[in-house]
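The block underneath contains the structure these notes are about, expressed in structure tokens.
The values are calculated or read from the model by the stated rules, or taken from the named source; none is laboratory data. Only a predicted model underlies this, so the values are computations on that prediction, with no experimental measurement involved. All Cβ positions, glycine included, derive from the backbone under ideal geometry; neighbour counts span all protein chains shown. Ligands, DNA and RNA are stripped out before the accessible areas are found, and what is left, the full protein with its side chains, is counted by its heavy atoms. Shrake-Rupley method; radii C 1.70, N 1.55, O 1.52, S 1.80 Å.
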Amino acid sequence: MTALPDEAADPTFFTLESVKADLMEVESLTRACLNWDYGKRDSRVWSLYEKNKASQWNATTDIDWDHDVRFGSELTEENGAKLASFVVGEGSPVPPELLTRFRWEYQAWMCSQFLHGEQGALVTTARLVETVPDMDAKTYAASQVADEARHVEAFARYVDEKLGVVYPVNPGLGTLLHDVLSESRWDIVYLGMQVVMEGLAITGLRLASSGFGDPLIRQITRMVASDEARHIAFGVTALTGMYQQVTSAELRDREDFLLEAIRLMSRRFMLRELWERMDLDVELGVRFARTNPMMATYRQLLFQQVIHVLRQLGMLSEKVKELLIAENLVRAETMAAVR
Ligand SMILES: [Fe+2]
Ligand SMILES: [Fe+2]
């Protein structure tokens, strides 16, 4: 079994204590730029911007907030709580009498992480508006910022009004957001947000839109996922061809960033915060989350989109492939078939 990462020994890793504070501040040296060439506005990025403008929805009026959600009410796999079904059965750290509570806590944890990730997208994409040199990309990024604000609004309202339980940002997610916001190189901001975090989010949102137990969160996750598909396309378009033109030292920096991002995102799904909050055996729970076949399949599904985009960008290096296999984020046979 792969050794568990020693979070306490890693000074860059947030402890849960440190993220309980209301604010996370990140110092960075960035280079803002203005571009006086307004161009012809017929680029691929501009057409994505047109789609963004036409696809705006209103979180206040387009979501059915009247739907009653009762945190803690009976949930079974039959009425839609499929996403937490991995803890049902022998060897589970969750005793049968706590299954319903676990399902709701799991939903609250997932929605809280969606919420924090959305705020991360809001702030990192605002960084792109400032730093990216291309005018079409600045314009698109600004429209993505507006999307992310609506996503924050929708998840914050759901978590606050309907669940009443919010988890702090997961340490892996908090650390990656910190890393991305410390960056002055705009392409690394894209790699961190549009490729890795949004790549994971879109699959997570799609699975949630069919696996969560209440129609309201299914609607929210479905609407947010449709926006995320355009955000990912923006990242792919902006970075396509870029890594064929950089020096080997620059390429190594990007590879190092990706290796760290993959490690952090892999740790995110050990559900440590849930085991702690429910007073269950944390080490047993983490080992279960790491080794349970359904959880492993879930993580592999999440990483499919990231792997697909990295391959398109020419960033699926041997080291990246080895790490993905070592962390069991892809099966070795599947990776061998990826060209
Ligand atoms: Fe979003
Ligand atoms: Fe997004």
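Using the Cα coordinates of region 125-259, the gyration tensor eigenvalues translate into equivalent-ellipsoid semi-axes of 29, 16, 14 Å, sorted from longest to shortest. The charge dipole of the chain, taken about its Cα centre with unit charges on the Cβ of Lys, Arg, Asp and Glu (plus for the first two, minus for the last two), comes to roughly 1000 debye.
Both radii are taken from the alpha-carbon atoms of the chain; with Rh as the Kirkwood radius, Rg/Rh is 0.96. The fraction of Cα-Cα pairs per 10 angstrom bin, counted from 0 for region 108-202, comes to 17, 48, 27, 7, 0 percent, rounded to whole percents. Helices in the chain, meaning DSSP H runs of at least 4 residues, each add -39500 (n - 2.57). Divided by all residues, the mean residue ellipticity at 222 nm is -19000 deg cm²/dmol.
Compute the helix-to-body angle for 44-54: its Cα long axis versus the longest principal axis of the chain, expressed 0 to 90° and rounded to tens. In the chain, helix 44-54 runs at an angle near 50 degrees to the longest axis. The label-point distance for residue 30 and residue 245, in a model that sets each label 7 Å from Cα toward Cβ, rounds to 2.3 nm.
Taking a Cβ cut-off of under 13 Å around residue 61, the surrounding Lys, Arg, Asp and Glu residues balance to a net charge of -2, with basic ones at +1 and acidic ones at -1. Per-residue SASA remark: residue 250, around 80 Å² accessible (1.4 Å probe; ligands, DNA and RNA not included). The Cα atoms of region 156-229 give a gyration tensor whose axes a ≥ b ≥ c have a/c of 1.5 or more with a/b no greater than b/c, which makes the shape oblate. Taking the inverse of the mean reciprocal distance over all distinct Cα pairs, the Kirkwood hydrodynamic radius of region 35-78 comes to 15.1 Å. Charge tally around residue 219: other residues with Cβ under 11 Å, Lys/Arg +1 each, Asp/Glu -1 each, net -1.
The phi-based Karplus calculation (6.51 cos²θ - 1.76 cosθ + 1.60; θ = phi - 60°) puts the 3J(HN,Hα) values of region 94-100 at 9, x, x, 6, 9, 4, 5 Hz, whole numbers, x for Gly and Pro.
Give the range of the longest stretch in the chain that excludes all chymotrypsin sites (Phe, Trp or Tyr not before Pro) found in loop regions by DSSP and having at most 11 other beta-carbon atoms within 10 Å. Counting at most 11 other Cβ atoms within 10 Å as exposed, the longest clean stretch of the chain is 39-339. For the chain, the longest principal axis of the Cα atoms and the long axis of helix 198-211 meet at an angle of about 40 degrees.
A simple rule links phi to the HN-Hα coupling: the Karplus curve 6.51 cos²θ - 1.76 cosθ + 1.60 with θ = phi - 60°, which for region 139-149 gives 5, 4, 4, 4, 6, 5, 4, 5, 4, 5, 4 Hz, with x for Gly and Pro. For region 237-322, the orientation-averaged shadow of the C-alpha convex hull comes to 6.8 nm² (one quarter of the hull surface).
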